Amino acid sequence: MARRLPRKDVVIVGLGWTGSILAYELSRSGLEVVALERGPWRDTASDFNIGTAADELRYAVRHDIFLRPKQETLTMRNNPSQTALPIRKWGSFLPGNGVGGAGVHWNGQTWRFLPDDFRIRSHMIERYGEAILPEGNQIQDWPVSYEDLEPHYDKFERVAGISGKAGNIKGEVQPGGNPFEGARERDYPTPPMRQGYAQELFTKAASGMGLHPFPRPSANISIAYTNPYGCSMAPCTYCGFCERFGCANYSKASPQTCVLPALVREPTFEARTECEVMHVNLSGDGKMATGVTYVDASGEEWEQPGDLVLICAYSLFNVRLLLLSGIGRPFDPATGEGVVGRNYAYQTGSGSTAFFEDAKFNPFAAAGSLGAALDDYNSDNFDHGPHGFVGGANITCAYTNGRPILYHPTPRGTPTWGSAWKKAVHDTYQRVTTVGAQGSVMSYRNNYLDLDPTYKDPLGRPLMRMTFDYQDNERKMANWMADRCDEIAKAMGAKTTQIGRLVGPWSVVPYQTTHNTGGTIMGSDPRTSVLNRYLQSWDVPNVFVTGASAFPQNAGYNPTGTVGALTYWALDAIFDYLKSPAPLVQP
């Protein structure tokens, strides 16, 4: 029997980027807010101290700050005809664990999606006809536009101190920026990072090919900066310990750097860590949330009543919590009906590795989002007609790190051990770079999330089951992008190149990206979406769900910039809801 606690105005599940932003904004309005986080408390001074933060074995190899499979894992299969098996070691993606969530260990690439991304289904049909859409797709327009989100992108970029060069201010294309981006009201809050030699070669080669390179927008910031919450950040030192690490320099935007120092001063805010939320509690008719039930570190069960429940966990776990709570109808791929778990999507990766004879690079002078990029082949910035696929990719030349344990690129055919391998590492380490394409993944009927019928977690709840594979559309797109990357790599002066293509079924073993999207998607129709355009549940209006689980499909970008924009968009709606508690959109 759960012990009942005093009521709170707001109960937040998960204290990463979205949970901490909402907690701060709602607390400072005077509301009583409690955040429940299943992992430990983490802060920069004690957890990511400069003396211990750059420990590759501890963090990158042994996954010290990531979720442990014994805490929660998934089962996975490529298609419904297979039997899903549990993931016993995280590989393809790495969910965070603890306060800050995945916002602690991300690289820091902070993009805005393009205007066409928000109405991709309508746009592609208008330009090419419906026949261009891939078989089995469930591609949906977003219920919001780029113009809706522009001021909220701006707000997140200011809170995170993003470094970059605008390409389009109030409709006027800006030299040196991304000419394809949607119009923005003003430039980034901090200037671009200093680029390395490889990025100089990339920029020169791409420009010579008639393409439009620009410095990648970065949450590893270029200069000292104090954000609107009064949190100060220091300039990046290009140490290369970003992805899989907390930042010891206060240079990478994260909840710890940009929000929590202000949040913990709010007297009406309370955080409870190492508390696993079991489910959202519902009223007798199932139409309102009454709070949540959770288990603390000692195994004791508690009921936390609340007027408003904000589900702000990592995208995959948002989906599972709704399924466990009975909020929304689970998606059934056999009938195409139901919504929770619908439109799970991931991301593609392909490109070219370039080996040089005379150039000498410094990969150890790196940062998670240091790099040059181009958007000529993203979204619908090029003619898809001759190619027969939907989607695109951002193409970049970047160094995220040159760390000693995991970074040792060698040409194909090199022995994997012994003196020949050592010689190849020695000869290659400073003479190689990559041109990579990070691409979109559309939504399909056979890619979805549901509860596993066999496997359960230590608390007796069903694990979530992931059914996913790349479809022909994504393979065709990613491999076409690989050829574009190879063209640029050769134009940079590489002696030899190796193309990395997207082949075979998706595997959960090698690391690829932690950009999981969909499952609680936002939309205009409750028959095909879990959330309305304000991230409010269609079925339980005092429940809002944030994060990339709301994406109808995934674009050719990292998701965090859009996650941040949607959070501030939803925040305005939550304040409207609090004035007049009711559905903000009528079905």
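The values are calculated or read from the model by the stated rules, or taken from the named source; none is laboratory data. This one's a predicted model, so the numbers in the text were calculated from it and none came from an experiment. Positions of Cβ are backbone-derived with ideal geometry, glycine not excepted, and every protein chain shown enters the neighbour counts. Accessible surface areas use protein heavy atoms only, side chains included; no ligands, DNA or RNA. Shrake-Rupley method; radii C 1.70, N 1.55, O 1.52, S 1.80 Å.
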**Request:** Express in whole angstrom the spacing between the alpha-carbon centres of the range 490-541 and the range 66-133.
**Result:** 4 Å
**Rg/Rh for the range 138-245, where both radii come from Cα atoms and Rh is the Kirkwood radius** = 1.01
**Asked** Out of residues 5 or more away from residue 85 or on other chains, whose amide H comes under 5 Å of its own, with H placed 1.01 Å from N in the peptide plane?
**Response** 76
**Asked** Which pairs in the list 360/423; 204/360; 423/476 are over 27 Å apart, alpha-carbon to alpha-carbon?
**Response** 423/476
**Item:** the chain - accessible surface per residue (Å², probe 1.4 Å)
**Value:** 37 Å²
**Asked** Debye sum, Cα scatterers, the range 334-433, no solvent: what log₁₀ I/I(0) at q = 0.10, 0.15 1/Å?
**Response** -0.48, -0.82
**Complete:** Note on the range 516-587: alpha-carbon gyration tensor, axes a ≥ b ≥ c; rule is a/c under 1.5 for rounded, else prolate if a/b larger than b/c, else oblate; result oblate
**Message:** I'd like the distance separating the alpha-carbon centroids of the range 460-485 and the range 291-360, in whole Å.
**Reply:** 17 Å
**Message:** Testing the spin-label approximation: label points 7 Å from Cα along Cα→Cβ at residue 382 and residue 585. State their distance in nm.
**Reply:** 3.3 nm
**Asked** When the Debye formula is applied to the Cα atoms of the chain, each taken as the same point scatterer, what base-10 log of I(q)/I(0) results at q = 0.07, 0.09, 0.13 Å⁻¹?
**Response** -0.39, -0.65, -1.47
**Asked** Taking only Cα atoms, what is the 0 to 90° angle, nearest 10, from helix 315-325's long axis to the longest principal axis of the chain?
**Response** 20 degrees
**Message:** Let me understand the range 370-494 better: what is its radius of gyration from the alpha carbons, and its Dmax, in angstrom?
**Reply:** 20.0, 58
**Item:** Candidate aspartates and glutamates for bridging to residue 579, where Cα separation is under 15 Å - those fewer than 8 sequence places away on the same chain excluded
**Value:** 9, 307
**Request:** Take every Cα-Cα distance within the range 1-41, group them into 5 Å bins from 0 onward, and report for each bin the whole-number percent of pairs it holds.
**Result:** 5, 22, 28, 22, 15, 6, 2
**Message:** Highest mean first, how do 500-508, 339-347 rank when packing is the count of other Cβ atoms within 10 Å averaged over residues?
**Reply:** 339-347, 500-508
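How much mean residue ellipticity at 222 nm does the chain get from its helices, if each DSSP H run of length 4 or more adds -39500 (n - 2.57) and you divide by all residues, to the nearest 500 deg cm²/dmol?
On the way: 12 runs with 125 residues, N = 587.
Rounded to the nearest 500, the figure is -6500 deg cm²/dmol.
Students often check this: by mean Cβ neighbours within 10 Å, which of 225-231, 553-559, 113-119 ranks highest, and how do the rest follow?
Values: 225-231: 15.9, 553-559: 27.9, 113-119: 21.7.
Ranking, from highest mean packing down: 553-559, 113-119, 225-231.
Is the shape of the range 1-93 rounded, prolate or oblate, going by the alpha carbon gyration tensor and its root eigenvalues a ≥ b ≥ c, with a/c under 1.5 for rounded and a/b larger than b/c for prolate? Intermediate values should be presented prior to the final figure.
Working: a/c = 2.44, a/b = 1.28, b/c = 1.91.
Oblate is the answer for the range 1-93, as a/c is 1.5 or above yet b/c matches or exceeds a/b.
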**Item:** the range 371-497, dipole about Cα centre (Lys/Arg Cβ +1, Asp/Glu Cβ -1), debye to the nearest 20
**Value:** 720 debye
**Item:** Leading residue at positive end of dipole, the chain (Cβ point charges), from 500, 108, 310
**Value:** 500
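Under Stokes-Einstein, with the Kirkwood radius over Cα pairs standing in for Rh, what whole-number D in µm²/s applies to the range 462-587 at 20 °C and 1.002 mPa s? Don't skip to the answer; put the middle values down first.
Working: Rh = 17.6 Å.
Translational diffusion coefficient: 122 µm²/s.
Taking a ≥ b ≥ c as the square roots of the eigenvalues of the Cα gyration tensor of the range 184-249, is the shape rounded (a/c under 1.5), prolate (a/b larger than b/c) or oblate?
It comes out oblate by the Cα gyration axes.
Can you pull the percent of the chain's accessible area that's carbon plus sulfur, 1.4 Å probe, other chains left in place?
Here it works out to 52 percent.
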**Leading residue at positive end of dipole, the chain (Cβ point charges), from 552, 246, 582** = 246
**Asked** What is the dipole size for the range 132-262, taken about its Cα centre, with +1 at each Lys and Arg Cβ and -1 at each Asp and Glu Cβ, in debye to the nearest 20?
**Response** 620 debye
**Request:** Provide, for q = 0.14, 0.21, 0.30 Å⁻¹, the log10 of I(q)/I(0) from a solvent-free Debye sum over equal Cα point scatterers in the range 397-438.
**Result:** -0.34, -0.72, -1.16
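Just for the chain, what percent of DSSP beta bridges are antiparallel, to the closest 5? Kindly include the intermediate steps, with their values, before the conclusion.
Details: 56 of 84 bridges.
That works out to approximately 65 percent antiparallel.
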